[in-house]
Every structure is written in C-alpha cells, then in structure tokens.
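For reference, the structure is listed below as structure tokens.
The values are calculated or read from the model by the stated rules, or taken from the named source; none is laboratory data. Predicted model only: the values in this text are computed from it and were never measured. Backbone-built Cβ (ideal geometry, glycine too); neighbour counts: all protein chains shown. Side chains are part of the model used for accessible areas, which takes the heavy atoms of the whole protein and leaves out ligands, DNA and RNA. Shrake-Rupley method; radii C 1.70, N 1.55, O 1.52, S 1.80 Å.
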Amino acid sequence: MFTNDQRQEERTGKYGTPRVQYLQELVSKFQNATDEGTKERIAANLANFAYDPYNYLFLRQLNVLELFLDCITEPNEKLVEFGAGGICNSCVDPANAAVIIECGGIPLIIGCLSSPVRNTVNYALAALYYLCSPATKGEILKPEVVELIRKYAAAEAVSISFSNLAKALLEKHVSES
C-alpha cells in the first residue's frame with residue numbers, strides 16, 4: 001500500500017517517470033486547465049497521492065498542500081471535496097500539518113463542516129482531529145465549532161461516519177479541556 005524508493009523503482013521501471021516529476025506534471029496541468037472536469041480529476045488524483053507518506057515531501061516541495069487549500073475556497077463543490085480530501089489525507093504528517101496551519105488552513109477546514117457534501121464534512125472532521133493540538137486548540141475549538149461538532153456526534157441516524165468522527169474529536173480534544 002505505501003511506497004518506498006525500491007517499490008517505486010519496481011513500479012515505474014528503469015525508464016518510468018520519477019514520482020516528483022509526475023506530480024509536477026499534474027500540478028502544471030491543474031494550473032493550466034480551464035475545464036472544471038479536468039481540474040476535478042486532477043485534484044482527485046493529487047488527493048489520492050496525499051494518502052501515501054512517500055509523497056509527503058514532494059507535496060510540500062510542489063506546493064500541493066496550498067493547491068488543496070485553494071480548492072477549498074472554490075465555488076465548485078467537487079474541488080472543495082477533493083481539496084478537503086487531500087488535506088485530510090496528508091495532515092497526519094506534522095510537517096504537512098505545519099504548512100496547512102501556516103497557510104491559514106484551519107478556518108478553511110472549519111468552513112467545510114457546513115458543506116452539503118458528506119465526504120467534505122467527513123474530511124473536515126478528520127482533518128480537525130489531526131490538526132488539533134495545544135497550539136491550535138483555541139482556533140479550532142471555538143464554542144460555535146464545538147457546538148457543530150456535537151450536532152454531528154448526535155447525528156447517528158443521518159450519518160454514522162459523521163457521528164463517529166465527531167465523537168472521536170470531542171473525546172480526544174474537548175474532554176481534555
């Protein structure tokens with residue numbers, strides 16, 4: 001599932017495209033795309049790459065985390081979903097989390113909690129779970145945000161994943177307060 005240098009070489013072969021080059025090509029295609037469908041597909045692809053720790057350094061080098069944050073600000077709900085997914089997939093890494101926080105990502109992720117797209121809400125809840133720390137608690141655990149998270153925790157009938165993620169976030173970060 002996760003990649004390392006040896007596995008990457010086996011998969012791409014002697015003449016394959018190095019991962020960082022491939023990711024750079026995706027970023028360039030995204031930046032030059034005018035078609036929303038193309039942007040959506042590329043953002044989804046990049047979000048999938050954000051799942052593998054092997055790619056974390058490349059994502060930072062190529063400013064993909066910032067690209068994900070930009071996607072969250074778009075009116076296109078698919079781009080928001082894939083941006084939130086990319087943030088969620090990558091923020092478990094402390095260096096990635098630092099970039100997301102430094103780039104003002106927390107308010108953007110909090111904004112995703114009110115998305116009409118279930119995946120976006122799930123990604124936002126999970127990202128906040130990982131981004132919440134003593135340094136970010138004040139920004140994340142504002143009363144209105146905690147109230148919303150509590151509503152999701154109580155919404156088992158609507159979505160068990162909302163409920164479970166919200167409960168985990170509350171148990172880990174609010175119960176300690």
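Miscellaneous remarks
- Two-site FRET efficiency, Asn48 against Ala98, from Cβ-Cβ distance with R₀ of 22 Å, rounded to 0.05: 0.50
- Separation of the alpha carbons by more than 31 angstrom is noted, of Lys39/Lys151; Lys78/Lys167; Lys29/Lys151; Lys78/Lys137, for Lys39/Lys151; Lys29/Lys151.
- Estimated at 0.36 nm per residue, the fully extended path between Ala33 and Gln61 surpasses their Cα-Cα distance by 8.0 nm.
- Using the 1.4 Å probe convention, the accessible area of the chain works out to 52 Å² per residue with neighbouring protein chains retained.
- In a reduced charge model with +1 at each Lys and Arg Cβ and -1 at each Asp and Glu Cβ, the chain shows a dipole moment near 240 debye about its Cα centre.
- Shape category assigned to the range 36-117 from the gyration tensor of Cα positions, a/c cut at 1.5: oblate
- Whole-number D in µm² s⁻¹ for the range 20-177, Kirkwood Cα-pair radius fed into Stokes-Einstein, 37 °C, 0.692 mPa s: 210
- Surface composition of the range 82-143: carbon plus sulfur atoms hold 60% of the accessible area, using a 1.4 angstrom probe and ignoring ligands, DNA and RNA.
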